[in-house]
Amino acid sequence: MRHILILLTVLWFVPSSPRTAEPDVATAQNWPQWRGPHGNGVAPIGDPPVEWGEDRNIRWKVGIPGTGYSSPIVWGDRVFVTTAIRTGHEVPGGPNIPAGMERGHQVASHIYQFLVLAISRRDGSILWQRVAREEAPVGVNQLHNSWASHSPVTDGRYVYAYFGSNGLYCYDMEGTLQWERDLGDMNTARGNGEGNSPVLHGDRIIINWDHEGASFIVALDKRTGDQLWMVPRDETTSWSSPFIVEHDGRHQIIVSATNRVCAYDPVTGALIWECAGLKGFVIPTPVTAHGIVYAMSGHQRNALLAIRLAGAQGDISGSDAILWQDDRNTSYVSSPLVYDDALYFLKHSKGFLSRLDAMTGRQSYIQRLPNIRDIFASPVAARDRIYLVDRDGNALVIRHGPEFEVLAQNKLDDGFEASPAVVDRELYLRGRTYLYCIAED
């Protein structure tokens, strides 16, 4: 059904209205997780350059060994990235290639080192690097994925590096290992590999584990790695990361997946509400604003749900909690961006950007992007500007507004699957080969 709008009266910016969990001042000044301090791609106090190139506005660039599509995070004077390096040691007995996956996949034929790196924001020097684990990756992986696609997260005291089936590791800021945890082995649909990222809430680190086996969501004590709760999930593989939102003084963990979008209590793991409406291979992570959660899928079917949190309880499928929904040009890989009163999302393989009114779902525009096409990275926003980067090194900076306006087209000698990070007047882009710090000359 094309664009269904349910006419409801929505309270806007009243004290009891739902909102994204507000970061403290220190968190807001950093980029502590994938998609930034709010988890939605917005840098609340960022002001990075509009224009750059290999010979302009590059403060530094540093080669990152191995391969990883995980996004950089930033705290204080440090940037943290993860990567996987293939060693010269082959897997004993040779790789096990599942039937039907001989093409279009990479198979773990060698032992890999799973690395965490701390890099100086000042000059790009590597302050420390640690081998979290050295072993063969689990299973097979799609050629457009990597063995290190989960982004790390930090609270400013510890850094949590997550490699999915290859473990979760807690380091202090100087690189001393505090604890590690193995959650098992994933079996992902069609051998497409892994890629969702953990989130922190209070004293908990929360990980969603949807795959072709026994799926679950789990909360661990961030100080020890001990399990606090674990809730089974009736789901197949998804790649969407958990998202934390606050409603009426109560936090919720929102998770998108094939069968249901679900909200959990972060203290107990209890299910608060659930909603059907998406379709298989869910990758985009939800975002929220004005008391509305926006969840989407774009592989097997275009689907976008705007879910009103006020009063959401139990199974809300088909209820008036669905403020509006749409089925046009939704994102398959990258996550949406909600910025002020606008919702932006990409049709990655077609190079289209859509802008909708976040409250009503009315479309402001859908625009084919000039000289930018294949996009995995999620958009970020700062200072009324939207930043987009593609897999060929092209970038667009567009003006945040109801009409499409390009402010700059930029190009670098690398390709970008990882999502950007914005801190202060700096933009960090993690490419296949380099990590760039883009700042005014």
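Going through segment 60-95 one residue at a time, which ones are surrounded by fewer than 19 Cβ atoms within 10 Å (Cβ to Cβ), over 16 Å from Pro152 (Cα atoms) and touching a Gly at 6+ places or on another chain (Cβ under 8 Å)?
Across segment 60-95, the qualifying residues are Trp60, Val62, Arg86.
For (1) β-branched (Val, Ile, Thr); (2) touching a Gly at 6+ places or on another chain (Cβ under 7 Å); (3) over 24 Å from Pro286 (Cβ atoms), each residue gets a yes or a no:
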{"residue": "Gly351", "(1), (2), (3)": "no, no, no"}
{"residue": "Tyr365", "(1), (2), (3)": "no, no, no"}
{"residue": "Ile372", "(1), (2), (3)": "yes, yes, yes"}
{"residue": "Arg399", "(1), (2), (3)": "no, no, yes"}
{"residue": "Leu407", "(1), (2), (3)": "no, no, yes"}
{"residue": "Leu412", "(1), (2), (3)": "no, yes, yes"}
{"residue": "Ala418", "(1), (2), (3)": "no, no, no"}
{"residue": "Arg432", "(1), (2), (3)": "no, yes, yes"}
{"residue": "Glu440", "(1), (2), (3)": "no, no, yes"}
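Cβ contacts < 8 Å: first residue in contact (Cβ under 8 Å) with a residue 24 or more places away in the chain, restricted to segment 35-52; second residue acidic (Asp, Glu), any location; separation 6+ or different chain. Result?
Correct list of pairs: Ile45/Asp424; Gly46/Asp424; Asp47/Asp424; Pro48/Glu426; Pro49/Glu440.
Could you say whether any residue in segment 331-340 is closer than 16 Å to Thr258 by Cβ, in contact with a Gly (Cβ under 8 Å, 6 or more places away or on another chain) and aromatic (Phe, Trp, Tyr)?
Looking through segment 331-340, at least one residue is closer than 16 Å to Thr258 by Cβ, in contact with a Gly (Cβ under 8 Å, 6 or more places away or on another chain) and aromatic (Phe, Trp, Tyr).
For residues that are aliphatic (A, V, I, L, M), under 20 Å from the mean Cα position of the chain (by Cα) and farther than 19 Å from Ala270 by Cβ, tally how many sit in segment 184-220.
Final tally of qualifying residues: 3.
From the list Ala43, Ala28, which residue is of a type in the set (A, V, I, L, M, F, W, C), at pLDDT 95 or above and out of contact with any Asp or Glu (no Cβ under 6 Å at 6 or more places or on another chain)?
Details: Ala28 fails: at pLDDT 95 or above.
The match here is Ala43.
Out of the residues in segment 269-306 that are of a type in the set (S, T, N, Q) and either in contact with a strand residue (DSSP E or B) (Cβ under 9 Å, 6 or more places away or on another chain) or assigned to a strand (DSSP E or B) (or both), state the one that is surrounded by the fewest Cβ atoms within 10 Å (Cβ to Cβ).
Kept after step one, since they are of a type in the set (S, T, N, Q), are these residues of segment 269-306: 285, 288, 297, 300, 302.
Still in the running and either in contact with a strand residue (DSSP E or B) (Cβ under 9 Å, 6 or more places away or on another chain) or assigned to a strand (DSSP E or B) (or both): 285, 288, 297, 302.
Working: Thr285: 28, Thr288: 28, Ser297: 27, Asn302: 17.
The residue in question is Asn302.
Please verify whether segment 184-197 includes one or more residues that are touching a Lys or Arg at 6+ places or on another chain (Cβ under 9 Å) and either surrounded by fewer than 19 Cβ atoms within 10 Å (Cβ to Cβ) or closer than 28 Å to Asn302 by Cα (or both).
Step one: filter segment 184-197 for residues touching a Lys or Arg at 6+ places or on another chain (Cβ under 9 Å), giving 197.
Going one step further and asking which of them are either surrounded by fewer than 19 Cβ atoms within 10 Å (Cβ to Cβ) or closer than 28 Å to Asn302 by Cα (or both), we end up with 197.
Scanning segment 184-197 turns up at least one residue that is touching a Lys or Arg at 6+ places or on another chain (Cβ under 9 Å) and either surrounded by fewer than 19 Cβ atoms within 10 Å (Cβ to Cβ) or closer than 28 Å to Asn302 by Cα (or both).
When you scan segment 204-218, do you find a residue that is at pLDDT 95 or above and on the phi > 0 side of the Ramachandran plot, even just one?
No, there is no match, as no residue in segment 204-218 is at pLDDT 95 or above and on the phi > 0 side of the Ramachandran plot.
Report, ordered by the first and then the second residue, all pairs with beta carbons closer than 6 Å, sequence separation of six or more or different chains, a first member in segment 181-192 that is among the charged types (D, E, K, R), and a second member that is assigned to a loop (DSSP other than H, G, I, E, B).
Note: pairs meeting the criteria are Arg181/Gly225; Asp182/Gly167; Asp185/Val138.
If Arg223 meets every condition in (1) buried (at least 24 other Cβ atoms within 10 Å of the Cβ); (2) out of contact with any Ser or Thr (no Cβ under 8 Å at 6 or more places or on another chain) apart from one, which number is that one?
With respect to (1) buried (at least 24 other Cβ atoms within 10 Å of the Cβ); (2) out of contact with any Ser or Thr (no Cβ under 8 Å at 6 or more places or on another chain), Arg223 is out only on (1).
Restricting the search to segment 407-433, which residues are within 26 Å of Ala28 (Cα to Cα) and part of a strand (DSSP E or B)?
Step one: list which residues in segment 407-433 are within 26 Å of Ala28 (Cα to Cα), which gives 407, 416-431.
Leu407, Ala421, Val422, Val423, Glu426, Leu427, Tyr428, Leu429, Arg430 - these are the residues of segment 407-433 that are within 26 Å of Ala28 (Cα to Cα) and part of a strand (DSSP E or B).
Scanning for something within 21 Å of Ser151 (Cα to Cα), over 20 Å from the mean Cα position of the chain (by Cα) and without any contact (Cβ under 8 Å) to a residue 40 or more places away in the chain, does segment 405-414 turn up at least one residue? Break it down stepwise before answering.
Looking only at segment 405-414, we keep the residues that are within 21 Å of Ser151 (Cα to Cα), and these are 414.
Pick out the ones that are also over 20 Å from the mean Cα position of the chain (by Cα) and you get 414.
Going one step further and asking which of them are without any contact (Cβ under 8 Å) to a residue 40 or more places away in the chain, we end up with 414.
Yes, some residue in segment 405-414 is within 21 Å of Ser151 (Cα to Cα), over 20 Å from the mean Cα position of the chain (by Cα) and without any contact (Cβ under 8 Å) to a residue 40 or more places away in the chain.
Which number in (1) touching a residue at least 24 places away in the same chain (Cβ under 8 Å); (2) farther than 17 Å from Ala189 by Cβ; (3) not in a strand (DSSP E or B) marks the one condition that Trp229 misses?
If we test Trp229 against (1) touching a residue at least 24 places away in the same chain (Cβ under 8 Å); (2) farther than 17 Å from Ala189 by Cβ; (3) not in a strand (DSSP E or B), just (3) comes out false.
So, in segment 307-338, of the ones that are in a strand (DSSP E or B) and of a type in the set (D, E, K, R), which residue ends up surrounded by the most Cβ atoms within 10 Å (Cβ to Cβ)?
Here is the first cut: in segment 307-338, the residues in a strand (DSSP E or B) are 307-308, 314-315, 322-326, 337-338.
Cutting the leftovers down to of a type in the set (D, E, K, R) gives us 308, 315, 326.
Details: Arg308: 21, Asp315: 13, Asp326: 24.
Among residues in segment 307-338 that are in a strand (DSSP E or B) and of a type in the set (D, E, K, R), the one surrounded by the most Cβ atoms within 10 Å (Cβ to Cβ) is Asp326.
Could you list all residues from segment 221-274 that are more than 20 Å from the chain's Cα centre (by Cα) and acidic (Asp, Glu)?
Passing the criteria: Asp221, Asp226, Asp234, Asp248, Asp265, Glu274.
The values are calculated or read from the model by the stated rules, or taken from the named source; none is laboratory data. All values derive from a computational prediction rather than experimental measurement. Positions of Cβ are backbone-derived with ideal geometry, glycine not excepted, and every protein chain shown enters the neighbour counts.
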